[in-house]
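All of the numbers you see were taken from the coordinates with simple rules; none came from a lab. Bear in mind the structure is a predicted one, so any value in this text is a computation, not a measurement. As a convention, Cβ positions derive from the backbone with ideal geometry for all residues, glycine included, and neighbour counts pool all protein chains shown.
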Amino acid sequence: MKIRSDWKKEEIREIYDSPLLELIYRGASTHRAFHPANQVQICNLISVKTGGCSENCKYCPQSAHYKTDVQASSMMKEEEILELAQKGLDGGATRICLATAWRSPRDGAQFDFLLRVIGKIRDLGAEVCCTFGMLTERQAIRLKEAGLYAYNHNLDTSREFYSSIITTRTYEDRIRTLDAVQKAGLLVCSGGIIGMGESIDDRVGMLQTLANRSPHPTSVPLNFLMPVKGTPLGEQKPLPVWDMVRMIATARIVMPQAMIRLTAGRLGRLAEEQALCFLAGANSIFSGEKLLTRPNPDFQADELLFDLLGIIPMEAK
Ligand code: SAM
Ligand code: DTB
Ligand code: SF4
C-alpha cells in the first residue's frame, strides 16, 4: 500500500460511498497493515483555560459569542494541571492534551507558564499535545523547544463550508498554523467534526485537504458534534454511527499511518457502535469523565469496553 498525497476528491468520495461492509473491510485491512491490531491509544484532555473565547465557532460552548452553561475561568494552577495529568496517566492514557479557549496565545507570562508545564508533563512520561489556537512560527518553535510532542489544530470541515461555521478566522489561517507547526518539527494533529449540517462532499473535502498534506498529519481526531444549548448548532440532531464509521474508514484508507482518533461524542454510544469504529480503523479514544466542558466516558467505563473487545491500551511512543 502506497502512501499518497495526490488524492482526487472523486477518488475519496468513491471510497466514502462504497458498500459499507466493503468499506469497513478495507479500513480494517489498512489498519492491520500499518498498526498493531487490538491496540488503542487512550488520550486525556485538560482544559487549562476554559471559556470566554473571542472566536465564534458555531459548535463551541466556550465561545463568548453565545450564552451557554460554560463559565469563563482563569488559567488553571500548575499543581492542578499536573495532578490531572497524573490522573490521566494512571487511568491508562499515554497522551495528555492541554487546551485553551484562545484564538491564539499572547506572548507573555501565560504562554511562558504553559511552556514550563509542558516540560513537566513530558517528564511524567506522557506524549504532550497542545491546542492553543493559531500560532506564529516563533511560538511553534518555542513549543517544540519546551518538549511538546504534537500540536492540535483542527480544520473542522471543508474549505467551502468553513465560513458557514466560523467567520472570525479563515481556512487559510488554519493552514498557516499547520504549516508553522510542521516547520518547527512538531507532529501535526488535525481533524474535524461531523454532524454540523455539512454535506458528504464537505467531509470528503476536509479529508482531501488533510490527506494531501505531505507528510500526512500523524494524528487525526474525528469528532461527533456534541450539540450544546445556546450555540447556533445546539439543535442539530445526532448522526447515526454509520456516518462516523464511513468517515473513520475513509480517513484510515487515505492516511494509513495516522492515528485516527474517535474523539467527542462517544458518551451514550453503544459498545457495538464503538466496536465498529475500531474495526473501521480508529485506534485512539479520549477517555476521562470530561472532554473540555462536556461529559465523556470515564476511565473505568473504557476499561470495561476494552476488556469486552479484547483491546489493549497502547504504550506511549
Ligand atoms: N481554541 C482552540 C482551537 O479552536 O483551535 C483549541 C480548543 S477547541 C475547543 C478544539 C476543538 O474541539 C475544535 O476544533 C473542535 O473540533 C472541537 N469541539 C469544540 N466544540 C465541540 C463540540 N460541541 N462538539 C464536538 N467537537 C467540538
Ligand atoms: C479534538 O478534536 N476534540 C477535542 C480535542 N481535539 C481538543 C475537544 C472536544 C471538545 C468537545 C466539547 C467540549 O468538551 O467542550
Ligand atoms: Fe474558541 Fe476554539 Fe471554541 Fe473556537 S473552538 S470558540 S477557537 S475555544
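Structure notes:
- Among (1) touching a residue at least 12 places away in the same chain (Cβ under 8 Å); (2) surrounded by fewer than 19 Cβ atoms within 10 Å (Cβ to Cβ); (3) farther than 25 Å from HIS216 by Cβ; (4) more than 16 Å from ligand 2 (Cβ to nearest atom), the one test that GLY147 misses: (3)
- Hey, ASP173 away from ligand 3 (no atom under 13 Å from the Cβ) and either of a type in the set (D, E, K, R) or touching a Lys or Arg at 6+ places or on another chain (Cβ under 6 Å) (or both) or not: no
- Residue ID - surrounded by the most Cβ atoms within 10 Å (Cβ to Cβ), chosen from residues in region 150-172 that are within 23 Å of LEU45 (Cβ to Cβ) and without any contact (Cβ under 8 Å) to a residue 60 or more places away in the chain: TYR151
- Check on ILE285, among the β-branched types (Val, Ile, Thr), more than 16 Å from ligand 3 (Cβ to nearest atom) and more than 17 Å from VAL220 (Cβ to Cβ): no
- Hits in region 57-96 - residues which are within 16 Å of ligand 3 (Cβ to nearest atom), touching a residue at least 24 places away in the same chain (Cβ under 8 Å) and out of contact with any helix residue (DSSP H, G or I) (no Cβ under 9 Å at 6 or more places or on another chain): CYS60, PRO61, GLN62, SER63, TYR66, LYS67, THR68, ASP69, VAL70, ALA72, SER73, SER74
- Candidate set from region 101-142 (those that are away from ligand 3 (no atom under 15 Å from the Cβ) and of a type in the set (Phe, Trp, Tyr)); member that is surrounded by the fewest Cβ atoms within 10 Å (Cβ to Cβ): PHE113
- Breaking point among (1) more than 16 Å from ligand 1 (Cβ to nearest atom); (2) in contact with a Gly (Cβ under 7 Å, 6 or more places away or on another chain), for ILE3: (2)
- Taking the criterion of being part of a loop (DSSP other than H, G, I, E, B) and within 15 Å of ligand 3 (Cβ to nearest atom), the residues of region 33-56 that qualify are THR50, GLY51, GLY52, SER54, GLU55, ASN56.
- The residue of region 86-100 that is surrounded by the fewest Cβ atoms within 10 Å (Cβ to Cβ), among those that are outside any loop (DSSP other than H, G, I, E, B) and within 15 Å of ligand 2 (Cβ to nearest atom), is ALA99.
- Options ARG269, ARG294, ARG261, ARG246; residue that is touching a Pro at 6+ places or on another chain (Cβ under 6 Å), under 26 Å from SER199 (Cβ atoms) and of a type in the set (Lys, Arg): ARG261
- Filter result (in contact with a strand residue (DSSP E or B) (Cβ under 9 Å, 6 or more places away or on another chain) and either in a strand (DSSP E or B) or not hydroxyl-bearing (Ser, Thr, Tyr) (or both)) within region 212-225: ARG213, PRO215, HIS216, PRO217, SER219, VAL220, PRO221, LEU222, ASN223, PHE224, LEU225
- For region 268-295, the set of residues classified as assigned to a loop (DSSP other than H, G, I, E, B), over 29 Å from SER214 (Cα atoms) and either β-branched (Val, Ile, Thr) or within 16 Å of the chain's Cα centre (by Cα) (or both) consists of SER287, GLY288, LEU291, LEU292, THR293, ARG294, listed by residue number.
- Those residues of region 136-153 which are within 19 Å of LEU292 (Cβ to Cβ) and in contact with a helix residue (DSSP H, G or I) (Cβ under 8 Å, 6 or more places away or on another chain), in sequence order: LEU148, TYR151, HIS153
- Listed by first and then second residue, the pairs with beta-carbon distance under 7 Å, at least 6 apart or on different chains, first residue in region 127-141 and farther than 17 Å from ILE166 by Cβ and more than 16 Å from ligand 2 (Cβ to nearest atom), second in a loop (DSSP other than H, G, I, E, B) and not hydroxyl-bearing (Ser, Thr, Tyr), are GLU137/ALA184; GLN139/PRO105; ALA140/ALA184; ALA140/LEU186; ILE141/ALA184.
- Region 24-46 - residue that is of a type in the set (S, T, N, Q) and in contact with a Ser or Thr (Cβ under 7 Å, 6 or more places away or on another chain) and, of those, nearest to ligand 2 (Cβ to nearest atom): ASN44
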